[in-house]
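As structure tokens, the structure follows; a few thoughts come after it.
The values are calculated or read from the model by the stated rules, or taken from the named source; none is laboratory data. In this text, all values refer to a predicted model and were calculated from it rather than measured experimentally. So basically every Cβ, Gly included, is an ideal-geometry build from the backbone, and we count neighbours across all protein chains shown.
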Amino acid sequence: MVDFALLHRSALAGAKTGSFGAVSTGSRIALTALPEGHVLHVLAAHGSGALQSLVAQIGDGGPYAVRAYGPGQWFVVGDAALSAADLSGKAALLASRASIADQSHGRVRIAISGASVEAVLAKGTAVDLDQASFTIGHSAMTLIGHISALITRTGTDSFEVMVLRGFAESLWDDLIQMSLEFGVDASTAD
């Protein structure tokens with residue numbers, strides 16, 4: 001058996017240097033590659049009943065750390081990486097009522113905010129993002145162009161978009177293009 005160390009490369013590492021085509025023309029829209037901490041997919045067992053409060057216990061306590069994904073499914077996200085022991089402890093809390101699939105290696109989160117953020121995202125998705133119908137903390141699985149993404153409203157003028165890792169660069173470029181008429185400032189939060 002050969003021992004080797006895995007070298008982690010951020011999916012949006014190029015965002016730091018601006019190689020993704022980011023421009024700054026007034027920063028009415030801010031685009032940020034969030035830390036690749038943890039993304040846990042929680043799946044309820046058949047007949048397990050309401051689990052929302054139990055699932056909330058495995059979150060890190062951050063606002064909107066638990067996002068509804070579908071019936072009996074949630075994503076639990078956070079900025080800190082979790083150890084195998086942390087994952088085991090969280091799985092034990094759910095016992096036989098739900099299971100956890102660690103998606104940390106396969107999903108990337110991007111924050112987008114600014115006064116025109118709803119107009120920017122409306123260019124790529126058919127979801128009604130008006131705050132009256134898409135309240136703070138609400139999530140929806142949708143397409144942004146051709147890319148499947150989970151959108152979560154994290155504030156009055158801010159959203160977080162979670163996408164499969166292999167589509168992160170493409171979505172980053174698309175969000176920049178959709179933001180250009182409003183001014184975009186792109187960065188990372190490492």
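Scanning region 143-183 for residues that are of a type in the set (Ser, Thr, Tyr) and touching a strand residue (DSSP E or B) at 6+ places or on another chain (Cβ under 6 Å) turns up Thr152, Thr154, Ser158, Ser179. Can you spot a residue in region 34-46 that is exposed (fewer than 15 other Cβ atoms within 10 Å of the Cβ), modelled with pLDDT of 65 or more and out of contact with any Asp or Glu (no Cβ under 8 Å at 6 or more places or on another chain)? Yes: region 34-46 contains one or more residues that are exposed (fewer than 15 other Cβ atoms within 10 Å of the Cβ), modelled with pLDDT of 65 or more and out of contact with any Asp or Glu (no Cβ under 8 Å at 6 or more places or on another chain). Listed here are the helices (runs of 4 or more DSSP H) enclosed by region 46-157 that have at least 1 residues being within 15 Å of the chain's Cα centre (by Cα): 117-122.
Given the structure, is Met178 over 16 Å from Glu118 (Cβ atoms), buried (at least 20 other Cβ atoms within 10 Å of the Cβ) and not assigned by TED's automatic domain parsing to the domain that holds Gln73?
On the way: over 16 Å from Glu118 (Cβ atoms): no; buried (at least 20 other Cβ atoms within 10 Å of the Cβ): yes; not assigned by TED's automatic domain parsing to the domain that holds Gln73: yes.
So Met178 does not fit the description; no.
Cβ-Cβ below 9 Å, separation at least six or inter-chain, first residue in region 109-138 and on the phi > 0 side of the Ramachandran plot, second part of a loop (DSSP other than H, G, I, E, B): which pairs? If the second residue must be part of a loop (DSSP other than H, G, I, E, B), the pairs left are Gly114/Ser27; Gly114/Arg28; Gly114/Asp157; Gly114/Gly183; Gly137/Pro63; Gly137/Tyr64. Across region 88-101, the number of residues qualifying as touching a residue at least 24 places away in the same chain (Cβ under 8 Å) and buried (at least 16 other Cβ atoms within 10 Å of the Cβ) comes to 4.
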